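Student: Mind having a look at this structure? Questions to follow.
Laboratory data are not the source of any read-out in this text; all were calculated from the coordinates shown. This structure is a prediction, so every number in the text was calculated from the model and none was measured. Cβ atoms come from the backbone with ideal geometry, glycine included; neighbour counts cover every protein chain shown.
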Amino acid sequence: MPSIIPQTNGYNEVDKSSTVENDGADRDGNPIDNPTEKYDDEDVFQHLAKPQQDVLLLHGPRQKYALEKNAQVPELRSDREILIQVRGRLAAVITRADQLAQVVAIGLNPVDWKGPDYNFGLPSFPWINGRDFAGIVVKSSRKAHRVKLGDVVFGPSTDYRDVRKAAYQEYLITTDFNVARLPSNISVNEGAALGVAFVSAALAVGVSLGFNFANVTSAPVGPDLRSILKQVDRDQVPEDVQEESFEGIEDAGRPKAGDWFAIWGGESSCVYIMVQADCSASSNTGLTALRLAKLVGLRVIAVADVVRHGARLVDAGVDVLVDRHDPSRAIEIIRSITKGKLRFALDTVGKETATHLQESLHRSKGSEQGHLVGLTGLPKTRLPGLKYHSVPIKLFHSVPIVGERTVEWLEQLLVSKTLQPPEVSIVDGGLESINSALDKLRSGSISGKRLVVTLGAKKTSEPKSNGIINGNVETSTAKGSLEYADKLNADPSRIKIAYWVPNVSGGLVISKIEQRTKWDLDSNARYAQTAERWGFEYALSQIRFMAGYGAENQHESVSFSQAILHHTERLVVIAALLPGPWNPAIAAKQISSIDNYSKGRIAVNVVSGWFKKEFTSIGQWWLDHGERYRRSREFIACLKGIWTQESFNFQGDFYQFHDYPLKPKPVSRPDRPWPEIFQGGNSIDARENAAAGSDYYFMNGNTLEGFQEQIADVKERAKQHGREGQVKFAVNGFIIARETEQEAIRVLQEIQGKADSEAVEAFGDQVKNAGSSTSNQTGMWAHSKFEDLVQYNDGFKTKLIGTPEQIAERIMLIKSLGVDVLLVAFLHYEDDIQHFGEEVLSRVRKLEAEGRGKDDAFEIGVTGDVYRAKPKKVEA
């Protein structure tokens, strides 16, 4: 895979005298001896290889970061840019490398995991993230400046669209006006935790709220950022922050000493700076804002978890502490203390708390109106008489004088010890340890401290790799690990693999053949952990209320799915729901709660039902085929409405809702606004449901022509419903992978030959309520023979039976037809899950890396004959 780091034309310019750039002059324009003597043949000179670095790449939403070795080092593009080393690697090239290579540190911020999880702030893929860093200047700017070669510096990367400036790499580019030099009384690790918090806090209160740091008397005098902006050409400021920068607050309305300032989320580090700072959790930014407010003479109210963070806030100088657990009471307290005159407020938590905080502000017009800054969001419903602000963070890297004056003041505050760094928790292990460290932030297990990852010098280099070698993830990543799976699944256009969860007894075939597949939770937890470490991304639990085809024991789907989620970290578990026994209100509540527990890792499969006795035995009405699917369509509409609307109303034939407010809502991300909804069935009714409301359409095994017809039909129906491109496709298949095709076929023959005839026939009788009950005979199992029914979703028809190479080739055909998810089952779960991941999926990913699976005509030419419908024999 080509590196996304811009290539450099010669990274050997670490000293002013090291490279001649202009005829007769060095890089600063000073004359040099013998300017006329030139040699154009580069072969006469000695060259070191271009320096390379390790970077941490993000290949798509909801993925882990993947380590890429030997990527290009970014190059400078302007006179004010400098190169920062965050890990020593090329001592022969870098001046003083023997002294300076043993650094540096990267500060972790919540946005580093929220961006990938919720798919924001990521212009393209693959991408490099990271906002906070500390490192050594190994290439200085071309202008005389306070920041010089060899300085240890720290700062934030606020220009997130420039991948050269991201922190998750060994060398990064920044500008001389965007870094602060590290005082001797501050450690490198502490410096790596300061940048984002301080800059966010300073711009929030200095620009948006108009705090005048030039009025500070008890500490080094700071900049009046609003006055500085008046000297800046408006066109120099990015258009989307011009209004905030120039019209945000009137001069007459700026705060004065003695005014009240409220912070919701005061335990945040940004508050501490405003005692101290960090938007990584906006927690650090809140603390920073507190301190800055005290420096300009304001009285500060902090709304926080008083038990956990009260002592720290008192030490920071807060005037009034209000506990956050009762928002209505907190609002009353703020109004009472400020006598209804509070005009300045900062929220560091989110839209909900910003909505509470606006109720505390004084509402008026002109210079007396209240001002609310939201670090992570502003209220949906805004009140008259208030001014709402977002932090103009782009000013820091777009307007040099703003960036320069801000970091100069930060240096002075640190040297004078007016500002103390936040407490840090150190994570060793370099770039490779960032994924696990971000998991700690994601889980909320870190509170009140900044996580900082340290990077040390590396002495060896490894051959460059795109992560896949001969069909396998490179050996530097342990096989069968979460990191292995993340790298294996790095391509956003990959086909995803799901597996059937054996939460009912009897295995996945209706046969008396030995099946090393267990249905208890302990075994299933082990299967799930194995699956996610070998590249599986989904697991589908089954729904049964009673035996219908030999499955004598059945664990309930939703609770079993939750249990599996508890034992896994990556896997998305699809819980099957059966309208009729489930009311959509109960289902929506269950799934929403589990979605919150699992950080957005549950989905649902809405099953319309085919087993009549399963309904009648528990007192449920047995509807005909079309009505069952019409009920499911209402069920899906209700789930989506309950999950997304503040107050849900619905009047259907099967379900009615009146102002129903579900809280909490499930996790919502731009690429996943609600838990994904899967739904299967071959009938016209099933296809209509998928087209109208489902996210995924499950298909049974079929012929090539059958798959093509189904997919085209559902796509056309989705287009008619205004959902073109919104329905994805999944197909069921049974895997028998053996060393030879003959051996795999013998296993298939044994499964079918030892079929439990009584159970298969009972299953066949029951499924007549599905496919064969439709008027046009298009439903599930309508054309299934006895041997097909042995695997109860026509999994044998998908023809994933043969050698690993053959199966991988056939999966490429399936993908090329438009299938997004392959749902698989096995004979021996104890062995086959790992075997599939190790031998088949690795080959699938290698083929995808070669460009396979995209051209259906090509894939049909390679493999299509295996799937074509066989012509019927004509009897002589």
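Student: Roughly how many whole Å is it from the C-alpha centroid of the range 837-856 to that of the range 114-175?
Tutor: 35 Å
Student: Fewest first, what order do 62, 687 take by the number of other Cβ atoms within 10 Å?
Tutor: Numbers: 62 16, 687 23.
Least to most surrounded, the residues fall as 62, 687.
Student: For residue 499, enumerate residues with amide H under 5 Å from its amide H, sequence gap 5+ or separate chain, H modeled in the peptide plane.
Tutor: For residue 499, the qualifying residues are 538, 539, 540, 824.
Student: Note the count of lysine pairs whose C-alpha atoms are less than 25 angstrom apart in the range 548-695, limited to pairs 8 or more residues apart or on different chains.
Tutor: 9
Student: Next up: Sort 234-240, 449-455, 311-317 by the packing proxy (mean of other Cβ within 10 Å over each peptide's residues), most packed first. Walk me through the intermediate numbers first.
Tutor: Values: 234-240: 12.3, 449-455: 24.1, 311-317: 17.1.
Order by mean packing, descending: 449-455, 311-317, 234-240.
Student: Given labels modelled 7 Å from the Cα in the Cβ direction, how far is it in nm from residue 721 to residue 627?
Tutor: 2.2 nm
Student: Quick one: 669, 533, fewest Cβ neighbours within 10 Å first, how do they rank? Working shown, then result.
Tutor: Numbers: 669 16, 533 24.
Lowest count first: 669, 533.
Student: What distance in nm separates the simple spin-label points at residue 184 and residue 593, each placed 7 Å from Cα in the Cβ direction?
Tutor: The two pseudo-label positions are separated by 6.0 nm.
Student: Roughly how many Å is it from the Cα centre of the range 700-739 to that of the range 528-582, as a whole number?
Tutor: Centre-to-centre distance over Cα atoms comes out at 22 Å.
Student: Calculate, for residue 428 and residue 478, the FRET efficiency according to 1/(1 + (r/R0)^6) with r their C-beta to C-beta distance and R0 25 Å; round to the nearest 0.05.
Tutor: Values: r = 18 Å, r/R0 = 0.73.
Calculated transfer efficiency: 0.85.
Student: What list of ³J(HN,Hα) values in whole Hz, one per residue of the range 426-439 in order, does the Karplus curve 6.51 cos²θ - 1.76 cosθ + 1.60 (θ = phi - 60°) give from phi, with Gly and Pro shown as x?
Tutor: Using θ = phi - 60°, the values come out as 8, 10, 8, x, x, 4, 4, 8, 5, 4, 5, 5, 5, 4 Hz.
Student: Still on this structure, I have one more. Work out, step by step, the length gained on full extension between residue 449 and residue 79: first 0.36 nm times the residue separation, then minus their alpha carbon distance; give nm to one decimal.
Tutor: Answer, rounded to one decimal: 129.6 nm.
Student: Right, next: Multiply the residue separation of residue 62 and residue 671 by 0.36 nm, subtract the distance between their alpha-carbon atoms, and state the gained length in nm to one decimal.
Tutor: Details: separation 609, 0.36 × 609 = 219.24 nm, distance 0.92 nm.
218.3 nm is the gain from fully extending residue 62 to residue 671.
Student: Now, a different point. Can you give the FRET efficiency for residue 552 and residue 329, using 1/(1 + (r/R0)^6), R0 = 60 Å, r = Cβ-Cβ distance, to the nearest 0.05?
Tutor: Numbers: r = 55 Å, r/R0 = 0.92.
Given R0 = 60 Å and the Cβ-Cβ separation, E is 0.60.
Student: Let me ask something else. Taking θ as phi - 60°, what are the ³J(HN,Hα) couplings along the range 660-677 by the Karplus curve (6.51, -1.76, 1.60), each to the nearest whole Hz, with x for Gly and Pro?
Tutor: 8, x, 8, 9, x, 6, x, 4, 10, 10, x, 8, 7, x, 8, x, 4, 10
Student: Residue 346's amide H: which non-local residues (gap 5+, or another chain) put their own amide H closer than 5 Å, with H modeled 1.01 Å from N in plane and none for Pro or chain starts?
Tutor: 262, 263, 264, 373
Student: Next question, about the same structure. Can you work out the Karplus-derived ³J(HN,Hα) for every residue in the range 367-372? Use 6.51 cos²θ - 1.76 cosθ + 1.60 with θ = phi - 60°, whole Hz, and x for glycine or proline.
Tutor: 6, 9, 6, x, 10, 10
Student: Right, here's the next one. Name the long-range amide H neighbours of residue 450: under 5 Å, sequence gap of 5 or more, or other chain; modelled H, no Pro or chain starts.
Tutor: 423, 424, 425
Student: Working out 0.36 nm times the residue gap between residue 239 and residue 835, then minus their Cα-Cα distance, what length gain in nm do you get to one decimal? Working shown, then result.
Tutor: On the way: separation 596, 0.36 × 596 = 214.56 nm, distance 5.49 nm.
Length difference between fully extended and current span is 209.1 nm.
Student: Next up: So if R0 is 30 Å, what FRET efficiency would residue 364 and residue 215 give, r being the distance between their Cβ atoms, rounded to the nearest 0.05? Mind showing how you got there, number by number?
Tutor: On the way: r = 24 Å, r/R0 = 0.80.
Using R0 = 30 Å, I get an efficiency of 0.80.
Student: Let me ask you something else. Take the residue pairs 114/351; 256/365; 256/380; 797/846 and return only those whose Cα atoms are more than 20 Å apart. Working shown, then result.
Tutor: Numbers: 114/351 16 Å; 256/365 18 Å; 256/380 30 Å; 797/846 25 Å.
Pairs exceeding the cut-off: 256/380; 797/846.
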